[in-house]
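Working notes, structure below.
The values are calculated or read from the model by the stated rules, or taken from the named source; none is laboratory data. These figures come from a predicted structure and were not determined experimentally. Positions of Cβ are backbone-derived with ideal geometry, glycine not excepted, and every protein chain shown enters the neighbour counts. Side chains are part of the model used for accessible areas, which takes the heavy atoms of the whole protein and leaves out ligands, DNA and RNA. Shrake-Rupley method; radii C 1.70, N 1.55, O 1.52, S 1.80 Å.
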Amino acid sequence: MSIATLFNNLPTIGSGLIVFTEEEQVLSFITDPVLSSTSKMLQFSTGSLSARVARALVTYLRGPACAAGVTHLIIEDPEELLASTANRSLVVAFAALSTLTHLTLLGVGPLSRMLLSKMQAKLTDVTLEIEPHDDEEGSDDPATCLNPIALLRNFQDSLVHINGQGIQTIWTEEMALAPQYPKLKSVAFTDADIPFTSDYVRAFPNITALRLRTSPHEYEELLGCRPEKFEENREANVLLQLQRGTWSQTLQFCDSTLGTLYILALQCRVKELRVTCDINAPRMLGRVLYDTRPTILSLEQFPLDMLAGRAFASSMRASYAAQLRSLEIMLMLDGDSGKEGNAGIAAALNSLVKALQPLKIERFGLCLGCNFRGVYPYERGMPASAVPLTRSEEYLRDLELNSLAQRIHESVAALKSVVVVMMGHRTRAAEMVSVGDRAGCQALKMFKVAALVGRG
């Protein structure tokens with residue numbers, strides 16, 4: 001065997017994680033007495049294995065892996081890997097790794113669910129990417145197959161962090177039978193169902209961080225039935241929290257979309273709230289702020305006109321905005337920006353700045369994200385001066401960011417730090433300016449983002 005062939009047969013090793021992409025690498029690893037007896041972090045990205053290699057892997061898992069104390073396990077396409085042995089011996093062997101603390105399964109199906117039900121480890125961190133449920137798969141209830149609250153019941157007393165994708169969390173059984181995760185601190189769900197907040201509260205009573213992205217299909221179905229279903233779902237969540245209780249402690253962090261947060265109707269304080277705009281509804285934003293009363297607020301991918309109108313200005317004057325100390329706004333500017341009332345981008349930005357005046361914020365960040373249609377110079381190999389721009393783009397091309405930052409700094413009495421960023425303009429390089437206390441500026445998320453792209 002040549003040196004090159006031998007090298008290609010070795011698994012990838014980085015930051016202590018050993019990654020297998022081919023079954024030859026698995027075999028090479030197993031037969032290496034040093035690696036196989038000391039490695040604690042394994043990733044399988046091989047898909048199915050031949051019967052010979054699968055049997056060798058079972059032997060390794062039952063012996064050296066247990067002795068080594070493997071703590072981290074990642075499996076891509078676990079259904080293929082676990083099906084490599086007809087008698088489910090791989091499922092049993094992985095389940096017997098009692099030293100595991102971190103588990104990632106990317107493509108959860110029947111065999112992965114069997115693995116989770118048999119596992120003996122006290123897992124603290126779990127990531128599940130769940131496959132869509134097949135109605136012909138058997139008699140399994142989709143509410144159980146897709147529900148991490150049910151799937152992870154073996155780890156109720158140890159889990160600290162859960163990440164899930166493609167999930168359903170509505171509990172369809174008797175509420176008293178629902179698992180609880182008292183040690184859980186953070187939950188991050190994407191492509192999730194429309195949430196019932198009380199189910200989250202009961203299952204995760206002590207969390208401090210919640211990240212939630214609802215499936216777009218769920219929204220389409222909700223709006224397709226009747227638009228007023230938004231209100232009905234919100235009212236149901238408010239009522240159930242009043243009846244059953246909500247989180248007694250302040251959530252330290254919550255990151256979700258405006259529509260999801262409106263339906264969640266959190267009836268507790270949130271210290272740091274991150275809102276991504278998925279629906280143009282300034283009234284909804286006001287209700288979300290009323291519900292959560294954050295100290296640190298980030299508004300991301302918002303249209304300019306939504307934050308330049310009377311509803312946003314009214315929210316900034318309201319009592320529930322009085323405790324705000326840090327505010328970041330990421331605007332999405334396009335051909336429709338500034339068209340509300342034919343105001344134009346300049347007037348709309350002035351309205352936004354004016355709306356900030358009643359606040360007591362100490363840090364403020366503004367990102368002007370340009371998303372105008374048209375040709376970029378590098379696409380046609382032409383000078384920037386030859387690219388035709390709209391009037392709005394011309395205004396943004398000539399906008400003095402430092403002057404804008406100074407004006408914002410002077411408009412809000414309590415402000416100590418201001419960061420203004422522009423990105424995505426067709427003929428202007430990305431730029432960032434900061435005014436005031438440097439440490440306060442560096443605490444802003446957009447300062448860090450701009451620094452990463454070399455504009456700090």
Within the stretch 341-357, identify whether any single residue is touching a residue at least 12 places away in the same chain (Cβ under 8 Å), within 28 Å of Gln442 (Cα to Cα), assigned to a loop (DSSP other than H, G, I, E, B) and of a type outside the set (Lys, Arg), and answer yes or no.
-> yes
Determine which single condition Asp305 fails, assuming it passes every other condition in (1) charged (D, E, K, R); (2) buried (at least 20 other Cβ atoms within 10 Å of the Cβ); (3) touching a strand residue (DSSP E or B) at 6+ places or on another chain (Cβ under 7 Å).
-> (3)
Quick one: Asp191 ticks every box in (1) closer than 19 Å to Leu146 by Cβ; (2) modelled with pLDDT under 90; (3) not aromatic (Phe, Trp, Tyr) bar one, so which box is it?
-> (2)
Look at Ala348 and say whether it is at pLDDT below 95, in contact with a Gly (Cβ under 9 Å, 6 or more places away or on another chain) and surrounded by 14 or more Cβ atoms within 10 Å (Cβ to Cβ).
-> yes
Among the numbered criteria (1) within 21 Å of Ser158 (Cα to Cα); (2) surrounded by 17 or more Cβ atoms within 10 Å (Cβ to Cβ), which single criterion is violated by Ala54?
-> (1)
Determine whether Ser403 is surrounded by fewer than 20 Cβ atoms within 10 Å (Cβ to Cβ), without any contact (Cβ under 8 Å) to a residue 12 or more places away in the chain and under 30 Å from Leu324 (Cβ atoms).
-> yes
Mind listing whichever residues of the stretch 232-262 are part of a helix (DSSP H, G or I) and open to solvent by 60 Å² or more (accessible area, probe 1.4 Å)?
-> Glu232, Glu235, Leu239, Leu242, Gln243, Arg244
Considering the stretch 316-336 alone, what residues qualify as being hydroxyl-bearing (Ser, Thr, Tyr), open to solvent by 10 Å² or more (accessible area, probe 1.4 Å) and in contact with a Gly (Cβ under 9 Å, 6 or more places away or on another chain)?
-> Tyr320
Within the stretch 409-453, how many residues turn out to be of a type in the set (S, T, N, Q) and open to solvent by 60 Å² or more (accessible area, probe 1.4 Å)?
-> 1
Can you find a residue in the stretch 378-396 that is loosely packed, with under 12 Cβ neighbours inside 10 Å and of a type in the set (A, V, I, L, M, F, W, C)?
-> yes
